[in-house]
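> Here's a structure for you.
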Amino acid sequence: MPAQTHLFLCLKDNFGVLLHDPQSGATAAIDAPEAAPVEAALQKTGWRLTDILVTHHHNDHTAGIGALKQHHKCRVVAPRDEAKRIAHVDATVGEGDTVKVGSLEGRVIDTPGHTAGHISYFFPADKIAFVGDTLFSIGCGRVIEGDPEMMWNSLVKLRDLPDDTRFYCGHEYTDANIRFAKTVEPSNKALAARADEVAKRVAAHQFTIPATIGAEKAANPFLRADNAELAKSLRLAGSAAWKVFAEIRERKNRF
Ligand code: ZN
Ligand code: FE
């Protein structure tokens with residue numbers, strides 16, 4: 001049976017998401033920005049929380065863990081390299097490990113850069129990826145603990161997932177990301193089409209995610225740093241892709 005998801009907002013612009021296995025009844029929260037909206041989402045869906053899958057240690061992804069664990073006795077799975085910085089961890093995982101949510105099987109992908117031990121979770125049977133603050137819709141996370149080369153390599157790993165993979169990211173930033181992306185690739189048609197689609201969703205008070213990896217590759221400048229024309233337009237023709245990525249990230253930081 002295919003996995004089900006339920007998406008909702010937490011805090012100001014954090015996404016909370018539940019992943020549900022209809023076969024076993026197991027349900028995972030991907031990150032736990034705060035407990036109350038997760039509880040509300042569980043009420044609404046009627047699902048029972050069995051697991052929390054943590055992408056990285058930042059407080060806006062972990063603050064709700066304690067209260068949820070106390071209430072639901074759920075298992076907390078966290079990145080091995082950050083487990084010491086996250087409370088209530090039961091299991092630690094890293095690259096290539098399998099994480100089960102009932103009968104659903106996820107694969108762990110190390111995606112460092114935003115934080116040094118950041119991980120993503122990919123469920124191949126359903127082609128769903130949870131990418132935390134590494135990849136955003138038409139953007140990417142700030143490079144805080146890693147360096148640009150590390151972050152670029154992480155983004156390429158996510159870009160290499162099947163084109164029809166739907167990815168869920170940690171924040172609703174798409175609208176602002178599009179405004180910036182247009183300054184980098186003003187004549188990108190895929191980006192223009194995405195901008196139209198996102199404008200419609202925003203006007204209808206809908207979330208702008210999930211997007212697919214295939215659509216993202218065509219429109220997200222942070223996944224396009226190895227595009228020769230883009231490099232040339234930034235006066236970086238012939239530079240390593242991570243250097244082009246670093247320049248785009250720098251511009252976004254100043255935007
Ligand atoms: Zn973060
Ligand atoms: Fe965050």
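No lab work stands behind these numbers, since they all come straight from the coordinates. Because the structure is predicted, anything quoted here is derived from the model rather than measured. Glycine also receives a Cβ, built like all others from the backbone with ideal geometry; neighbour counts cover every protein chain displayed.
> Using a Förster distance of 41 Å, how high is the FRET efficiency between residue 100 and residue 142, based on the Cβ-Cβ distance and rounded to 0.05? Let's see the in-between values first.
Working: r = 32 Å, r/R0 = 0.77.
Using R0 = 41 Å, I get an efficiency of 0.85.
> Each label point is 7 Å from the Cα along the Cα-to-Cβ direction; what then is the distance between the points at residue 250 and residue 201, in nm?
Modelled inter-label distance: 3.1 nm.
> In addition: Could you work out the Rg to Rh ratio of the chain, with Rh taken as the Kirkwood radius (inverse of the mean 1/r over all Cα pairs)?
Details: Rg = 17.8 Å, Rh = 18.4 Å.
Ratio of gyration radius to Kirkwood radius: 0.97.
> OK, next. List the trypsin sites (Lys or Arg not before Pro) within region 57-104 that fall in a DSSP loop (any state other than H, G, I, E or B) and whose Cβ has at most 14 other Cβ atoms within 10 Å.
73
> Can you tell me, using C-alpha contacts under 8 Å and at least 6 residues apart, the relative contact order of the chain as a whole percent? Intermediate results must be reported in sequence, preceding the final value.
Details: 544 pairs, mean separation 33.3, N = 255.
Across the chain, relative contact order equals 13 percent.
> What residues have an amide H closer than 5 Å to that of residue 135, excluding those fewer than 5 places away on the same chain, when H is modeled at 1.01 Å from N in the peptide plane?
Placed amide hydrogens put 141 under 5 Å from residue 135.
> With charges only on Cβ, +1 for K and R and -1 for D and E, what is the dipole size of region 144-185 about its Cα centre, in debye, rounded to 20? Could you put the intermediate results ahead of the total?
Working: 5 positive and 9 negative charges, 27 e Å.
Computed about the Cα centre, the dipole is about 120 debye.
> Once every DSSP H run of n ≥ 4 in the chain is given -39500 (n - 2.57) and the sum is divided by its residues, what mean residue ellipticity at 222 nm do you get, rounded to the nearest 500 deg cm²/dmol?
So the calculated ellipticity at 222 nm is -10000 deg cm²/dmol.
> Right, next: Any idea what the dipole of region 8-75 comes to, in debye rounded to 20, about its Cα centre with Lys/Arg Cβ at +1 and Asp/Glu Cβ at -1?
Result for region 8-75 is approximately 220 debye, rounded to the nearest 20.
> When DSSP assigns beta bridges and you keep just the ones with both residues in region 1-58, what percent turn out antiparallel, to the nearest 5?
In region 1-58, DSSP labels about 80 percent of beta bridges as antiparallel.
> Taking N as the number of residues in region 103-255, what is its alpha-carbon radius of gyration divided by 2.2 N^0.38 Å?
Numbers: Rg = 14.8 Å, N = 153, 2.2 N^0.38 = 14.9 Å.
This ratio for region 103-255 stands at 0.99.
> Follow-up question, since we're still on this one. Among 213, 139, 238, whose Cα sits farthest toward the positive end of the charge dipole of region 103-255 (+1 at Cβ of Lys/Arg, -1 at Cβ of Asp/Glu, about the Cα centre)?
Ranked along the dipole, the leading option is 238.
> Is the shape of region 1-109 rounded, prolate or oblate, going by the alpha carbon gyration tensor and its root eigenvalues a ≥ b ≥ c, with a/c under 1.5 for rounded and a/b larger than b/c for prolate?
Taking the square roots of the gyration eigenvalues as a ≥ b ≥ c, region 1-109 is oblate.
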